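Chemist: There's a structure below that I have some questions on.
Nothing in this text is a laboratory measurement; each read-out follows from the coordinates by a stated rule. All figures in this text were calculated on a predicted structure; none of them were measured in a lab. Here Cβ is always computed from backbone atoms with ideal geometry, including for glycine, and neighbour counts include all displayed protein chains.
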Amino acid sequence: MAPIPGSGLAKGLAVTLRTMTRKSVTAQYPDTQPELPPRSRGVIGLFEENCTVCMLCARECPDWCIYIDSHKETVPPAAPGGRERSRNVLDRFAIDFSLCMYCGICIEVCPFDALFWSPEFEYAETDIRDLTHERDKLREWMWTVPAPPALDPGAEEPKEVAAARKTADKLAAAQAGEPGQEGRA
Ligand code: SF4
Ligand code: SF4
């Protein structure tokens, strides 16, 4: 059956009228800030103290946008008569966010929990070179990383928490000058 002349126009106008009477859903950013889920992929923070310079993140990054420089340092033996050890010392850690595609692989593969997602996304730059964030800037992002979600009721305490508490207790005891703490490693 041939369409009635002008029916297309009438349909179009009907859609226009329907849409005109609907409430607008446009968020007036930046006056209105978006409500993002806490684990949104905004920017990556580096918790440098946890990084052992294993290079896994840089090797696995599909965009090759993680730059790490390091050198080896010899540290004295932990106990008298022991062997000297060598460890990696971080010289540079940078992520080029102009290349990053926010896949999260680096965060997933880091075996030492040194990389975290922050929901911060307002770091646009007028110069593309400024999108390479060096270690100090990556550390600053750590302050914007949300706390991890609470454990399920009755869940076992993570071993990292127990280890951290033990170390903190040891330090507190040493600072309080408790007898028997001197000279211990
Ligand atoms: S999120 Fe993906 S692309 Fe971005 S630095 Fe990590 S591994 Fe590379
Ligand atoms: S994978 Fe983790 S520990 Fe290894 S270099 Fe990257 S951030 Fe550091």
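Chemist: Is it fair to say Thr74 is over 29 Å from Ala124 (Cβ atoms) and away from ligand 2 (no atom under 13 Å from the Cβ)?
Modeler: The answer is yes for Thr74.
Chemist: Then there's this: Checking Leu46 against (1) surrounded by 10 or more Cβ atoms within 10 Å (Cβ to Cβ); (2) away from ligand 1 (no atom under 16 Å from the Cβ), which single condition isn't satisfied?
Modeler: Exception for Leu46: condition (2).
Chemist: If you scan region 129-158, which residues turn out to be among the aliphatic types (A, V, I, L, M) and under 20 Å from Leu115 (Cα atoms)?
Modeler: Leu131, Leu138, Met142, Val145, Ala147, Ala150 - these are the residues of region 129-158 that are among the aliphatic types (A, V, I, L, M) and under 20 Å from Leu115 (Cα atoms).
Chemist: Give me the residue from region 18-43 that is surrounded by 10 or more Cβ atoms within 10 Å (Cβ to Cβ) and not polar (S, T, N, Q) and, out of that set, farthest from ligand 2 (Cβ to nearest atom).
Modeler: Of everything passing the filter in region 18-43, Ala27 is farthest from ligand 2 (Cβ to nearest atom).
Chemist: Tell me which residues, restricted to region 92-142, are surrounded by fewer than 14 Cβ atoms within 10 Å (Cβ to Cβ), touching a residue at least 24 places away in the same chain (Cβ under 8 Å) and assigned to a helix (DSSP H, G or I).
Modeler: Ile128, the sole residue that qualifies.
Chemist: Another question about this same structure. If you check Arg85, Arg129, Arg59, which single one turns out to be charged (D, E, K, R), within 16 Å of ligand 1 (Cβ to nearest atom) and over 17 Å from the mean Cα position of the chain (by Cα)?
Modeler: Criteria check complete, one pass: Arg59.
Chemist: Look through region 49-59, keep the residues that are part of a helix (DSSP H, G or I) and near ligand 2 (Cβ under 8 Å from one of its atoms), and return whichever of them is surrounded by the most Cβ atoms within 10 Å (Cβ to Cβ).
Modeler: Cys57
Chemist: Being in a loop (DSSP other than H, G, I, E, B), away from ligand 1 (no atom under 11 Å from the Cβ), more than 26 Å from the chain's Cα centre (by Cα) and in contact (Cβ under 8 Å) with a residue 12 or more places away in the chain, is that true of even one residue in region 72-82?
Modeler: Looking through region 72-82, at least one residue is in a loop (DSSP other than H, G, I, E, B), away from ligand 1 (no atom under 11 Å from the Cβ), more than 26 Å from the chain's Cα centre (by Cα) and in contact (Cβ under 8 Å) with a residue 12 or more places away in the chain.
Chemist: Follow-up question, since we're still on this one. Run down Phe112, Phe97, Phe121 and say which single residue is among the aromatic types (Phe, Trp, Tyr) and farther than 12 Å from Ile44 by Cα.
Modeler: Of the residues listed, the single one that is among the aromatic types (Phe, Trp, Tyr) and farther than 12 Å from Ile44 by Cα is Phe112.
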